[in-house]
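The values are calculated or read from the model by the stated rules, or taken from the named source; none is laboratory data. Computed from a prediction, not measured in an experiment: that's the story for all the values here. Glycine also receives a Cβ, built like all others from the backbone with ideal geometry; neighbour counts cover every protein chain displayed. For the accessible areas, the whole protein counts, side chains as well, though only heavy atoms, and no ligand, DNA or RNA atoms are used. Shrake-Rupley method; radii C 1.70, N 1.55, O 1.52, S 1.80 Å.
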Amino acid sequence: MPLPLLRPRQSFSLPVVWSRSISSLGAAPTAGPLVLRAASSCTHPRCRCGCRLASGCSCSCCAHPRSSSVSSSLSTSSSRSFSSSSSLSSSHWIPSPRNLRFFSSQPAMAQEFKLKDIQSLADLQDLDKVESEVEGIQDAKVLVVKYNGEYHALSHKCTHYGAPLKMGVVAPDGRITCPWHGACFNIGTGDVEDAPAPNALNKFEIVEKNGAVYVKGEESAIKSGQRDPAVKCSASSVGPEKIVVVGGGGGTLGVIQAVRELKYKGAITVISREPNLIIDRPKLSKALIPDAEKIQLRPREWYQEAAIDTVSDEVTGVDFTKKIVATKSGTSYPYTKLVLATGGVPRGLPLEGFKDLGNIFQLRFVTDVQSILKAVGEKNKKIVVIGSSFIGMEVGNALASGNEVTIVGQEKAPMERVMGERVGRIFQNNLEKAGVKFKLEAGVVKATPSDADASKVGAVHLNDGTVLPADLVVLGVGVRPATDFLQGNAAVQLEKDGSLKTDEHFAVPGLNNDVFAIGDIATYPYHGPGTDPKTGTYTRIEHWNVAQNAGRGVARAIVHSLTAPSSAASLQSLKPKAFIPIFWSALGAQLRYCGNTPNGWDGLVLHGEPENGKFAAYYTKGDTVVAVATMGMDPIMVKSAELMRRGNMPTKSQIEGGLDVLMVGVPKSVKV
């Protein structure tokens, strides 16, 4: 039984979600491979892969230069200055690769700005965090954190969706976690440590003098609140190593961004059948956004400047002996390291009418959203969504306004298998308030054509005799691993569900640690609560966050194998990246979830006001809390994720006894 470390409970207010728009996307042609050749050169930031201790890094693959803080002290005796990186930077580093040039531009002049809301740093206790307005810059704020006896000033919002980090969780090993979706940043550098944050936080020198506290930095940096952590490097001078990544989702972004952060000097090629560059895919089902430019995570120029080639093509096979990837266009791509991140294929229904009739849609790509919205037209449509799990519920919620939406599900309550009937009823109630209707414990028999147009769907027939009129149908009945191109390949063995089994580093066994699988196609040993304490429990998790964090872990593994001394190059000498799965959903309110239940769950402790859609649900196996879901009770979920990661999550008995998760201290050591 863990022994909670108690800290005073902090007060939190409910956040408002802000979204970002990122522009600049060129559509890929539909015929033949489109190859974007990367060129150019530019800066490279410090590299890190999770080590935060001042005594030095235990990971043989990471490079930690000394802090290049503006200054560590001021000349005036009446002031105190605190390093913006301080003791979190390690004292060793790996020199820049000879064949990869790095350049830094001359920074603009930094200025001192007074903080309105902090008069003295002495008022802060260790691990405290305070948000403050910045005098002289309209609407600007910074976050001040005290860690290990030193003070740090950072950007105050998460770079993912803009969550206020003052509501986040500070851990004693020097990281701060976003209160919404689990993105994590290094307090000493501002660097990204966990997905889904795309950019790092800006860091500023902090000074106390003359009875006031100041930050020193560029006005533009304080306003922007984030910086691109990736590199610009010379494509003409890359080394002989060749990483090929197959897939165009979050896992791919995790790999290519992190591997450049870690100063990998070789070539990178991304092969994807997606109709666009990498997008924020969760927004497809949650918001039905049809414009790829609005949800594109990186513009085309980013790939060029990072010396990353992008290929619009479909992989048809892999020769694992010769290390060659073959594509539909007939092109071959040699690799030294291969990352398979092909994602999932939406399942169809093998029933009458569903293969032949029009206006029956699946959802995977931006083009699918465009087709759905075209069929909806001026609204006032009868829409049947088949499937009451996450995709079906999100799509039904997004289409509810102005349409008549009916969700058909086989369970007693939406998402009952994952969330349980009691919590599923909360989601059902939320959507019913928006006008969505439900047909539950129902089976689908067939789809029949419209009287007005026999080529299109007109109705969905259920096994109880109900006939649901339908102008269009959206299928949300799950996905299968996109591994068709590996069927019959003697070098790998697919699991029954079509996935690839991997080790803790997501390496595919038997291929000399040269091939990795991540995301929807990977069955990996999960070491969270409720699993085998020695070996973990093999599971496949279809979460955006898991794929992206797995990609970051693979980047560490690749760089380790290439840069570590030969005696330590084996992945057995590298501690796997430790993270707890997190996902979120839009179900009339924002759902947050952490953990996983590969061995099931047999108990539920429900706190809050579930009748008002505000709750914290603790899923248990025996006395162990294996997963936590919340609505309107931030930051309980991310606090629970940090505690799970460190083996200090309270037990079912403790929570039933009234122990508040927000009062439990976060241990320093990671045990996952």
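With a 1.4 Å probe and all protein chains left in place, how much of the accessible area of segment 582-663 comes from carbon and sulfur atoms, in whole percent?
Of all accessible area on segment 582-663, carbon and sulfur atoms account for 45 percent.
Can you spot the aspartates and glutamates whose alpha carbon is less than 18 Å from Lys534's alpha carbon? Ignore those fewer than 8 places along the same chain.
Result set, ordered by chain and number: Asp503, Glu504.
Nearest-5 percent of antiparallel DSSP beta bridges in segment 360-476?
Expressed as a percentage, antiparallel bridges in segment 360-476 total about 35.
Is there a pair in Lys286/Lys496; Lys374/Lys412; Lys114/Lys157; Lys232/Lys283 whose C-alpha atoms are over 25 Å apart, and which pairs would that be?
From Lys286/Lys496; Lys374/Lys412; Lys114/Lys157; Lys232/Lys283, over 25 Å: Lys286/Lys496; Lys374/Lys412; Lys232/Lys283.
List the pairs from Lys265/Lys575; Lys203/Lys668; Lys265/Lys323; Lys294/Lys577; Lys337/Lys668 whose alpha-carbon separation is above 29 Å, in the order I gave them.
Flagged as over cut-off: Lys294/Lys577; Lys337/Lys668.
On a 1.4 Å probe surface of the protein chains, which of Ile580, Ile360 comes out largest in accessible area, and what is the full order?
Numbers: Ile580 10, Ile360 30 Å².
If we order Ile580, Ile360 from most to least accessible, we get Ile360, Ile580.
Whole number in Å², please: accessible area per residue of segment 325-413, 1.4 Å probe, ligands, DNA and RNA not counted. All intermediate terms of the calculation are to be shown ahead of the outcome.
Details: 3730 Å² over 89 residues.
Heavy-atom SASA per residue in segment 325-413 reads 42 Å².
Please give the per residue volume of the convex hull enclosing the alpha carbon atoms of segment 111-224, rounded to a whole number of Å³. It would help to have the intermediate numbers written out before the result.
Values: hull volume 10.0 nm³, N = 114.
Output value, Cα hull per residue: 88 Å³.
At a probe size of 1.4 Å, how large is the accessible area of Thr597, to the nearest 10 Å²?
40
Solvent-accessible area of Asp117, probe 1.4 Å, all protein chains present, reported in Å² to the nearest ten, please.
Counting only protein heavy atoms, Asp117 exposes about 80 Å² to solvent.
Accessible area of Arg540, 1.4 Å probe, to the nearest 10 Å²?
About 60 Å², rounded to the nearest 10.
Hey, if you drop one equal point scatterer on each alpha-carbon of segment 582-663 and run the Debye formula without solvent, what base-10 log of I(q)/I(0) do you get at q = 0.13, 0.18, 0.25, 0.26 Å⁻¹?
Taking Cα atoms of segment 582-663 as identical point scatterers yields -0.35, -0.69, -1.34, -1.43.
Determine the distance separating the Cα centre of segment 150-198 from the Cα centre of segment 471-502; give it in Å without decimals.
35
Summing +1 for each Lys or Arg and -1 for each Asp or Glu, what net charge is found among the other residues whose Cβ lies under 10 Å from the Cβ of Lys166?
On the way: positive: Lys129, Lys141, Lys157; negative: Glu131.
Its environment carries a net charge of +2.
Can you give the net charge of the other residues whose Cβ lies under 12 Å from the Cβ of Lys496, counting K and R as +1 and D and E as -1? Write out the running numbers ahead of the final one.
On the way: positive: Arg480, Lys501, Arg540; negative: Glu495, Asp497.
So the environment of Lys496 carries a net charge of +1.
Give the carbon-plus-sulfur fraction of the accessible surface of segment 360-476 in %, rounded to a whole number; probe 1.4 Å, heavy atoms of protein chains only.
Values: 2250 of 5050 Å².
Carbon and sulfur atoms account for 45 percent of the accessible area of segment 360-476.
Can you tally the net charge around Ala413? Count Lys and Arg as +1, Asp and Glu as -1, for every other residue whose Cβ sits under 14 Å from the Cβ of Ala413.
0
Considering Cα pairs under 8 angstrom that are at least six residues apart, work out the relative contact order of segment 146-291 and quote it in whole percent.
Working: 227 pairs, mean separation 23.2, N = 146.
Relative contact order, segment 146-291: 16 percent.
So for each of 135-143, 555-563, 446-454 I average, over its residues, the number of other beta carbons within 10 Å; can you give me the resulting order with the highest mean first? Write down the numbers at each step before the final one.
On the way: 135-143: 15.8, 555-563: 23.7, 446-454: 14.2.
Top of the packing list down: 555-563, 135-143, 446-454.
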